[in-house]
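A quick write-up on the structure given underneath.
The values are calculated or read from the model by the stated rules, or taken from the named source; none is laboratory data. All figures in this text were calculated on a predicted structure; none of them were measured in a lab. Don't worry about glycine lacking a Cβ; one is built from the backbone with ideal geometry, like all the others, and counts go over all protein chains shown. For the accessible areas, the whole protein counts, side chains as well, though only heavy atoms, and no ligand, DNA or RNA atoms are used. Shrake-Rupley method; radii C 1.70, N 1.55, O 1.52, S 1.80 Å.
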Amino acid sequence: MKTFALTFTARADDIDELGHVNNAVWVRWIQEIAVAHWEAAAPPDHLAAHVWVVTRHEIDYRGNVRLGEVVTGETWVAAPPKGARFDRRVRFVGAGSKVMVEAVTTWALLDRASGRLLRVRPEIAAPFLG
């Protein structure tokens, strides 16, 4: 398993009327860490030829994050792709190593030029599998 990490700080516009990070922001952060992982690990020719789209999010909220608090997002691909899709795991850990949010997101690979769904070939998956 090859884990990728990124740090997020809760800003004023991330906070909802309950005083903590809004669930829509968690979805945005999931998207941001997934894209950053792809951009950091994939070779330039893959980045130029392909794009990923989300087909499903499953999110478990385990704690609240307030203004100014920091979480570390961690993401990894635990299993080989199935056809055009694979599941990405995401976890956000706050102070004291407390898991605040966990998610499984399903992504599909598209040809950037045509927008057509593509099978994930082994060389595309390799940088993400351990």
Which of 125, 96, 47 sits farthest toward the positive end of the charge dipole of the chain, with +1 on the Cβ of Lys and Arg and -1 on the Cβ of Asp and Glu? 125
Mean shadow area of region 57-114 over all directions, Cα convex hull, nm²: 5.5
If you count only protein heavy atoms with a 1.4 Å probe, what accessible area per residue comes out for the chain, rounded to a whole Å²? 54
On a C-alpha basis, how far is the centre of region 66-130 from the centre of region 17-48 in Å? Whole number, if you could? 9
Calculate what fraction, in whole %, of the accessible area of the chain sits on carbon and sulfur atoms when a 1.4 Å probe is rolled over the protein chains. 53
Residue 72 versus residue 39, label points 7 Å from Cα toward the beta carbon: distance in nm? 2.2
Full extension between residue 55 and residue 95 adds, at 0.36 nm per residue less the Cα distance, a length in nm of 11.3 nm
Along the three principal axes, how long is the chain when you take its alpha carbons, biggest first, rounded to the nearest angstrom? 43, 28, 24
Between 0 and 90 degrees, rounded to the nearest ten: what's the tilt of helix 23-41 against the longest Cα principal axis of the chain? 40
What's the magnitude of the charge dipole for the chain around its Cα centre, counting Lys and Arg as +1 and Asp and Glu as -1 at the beta-carbon? Answer in Debye, nearest 20. 460
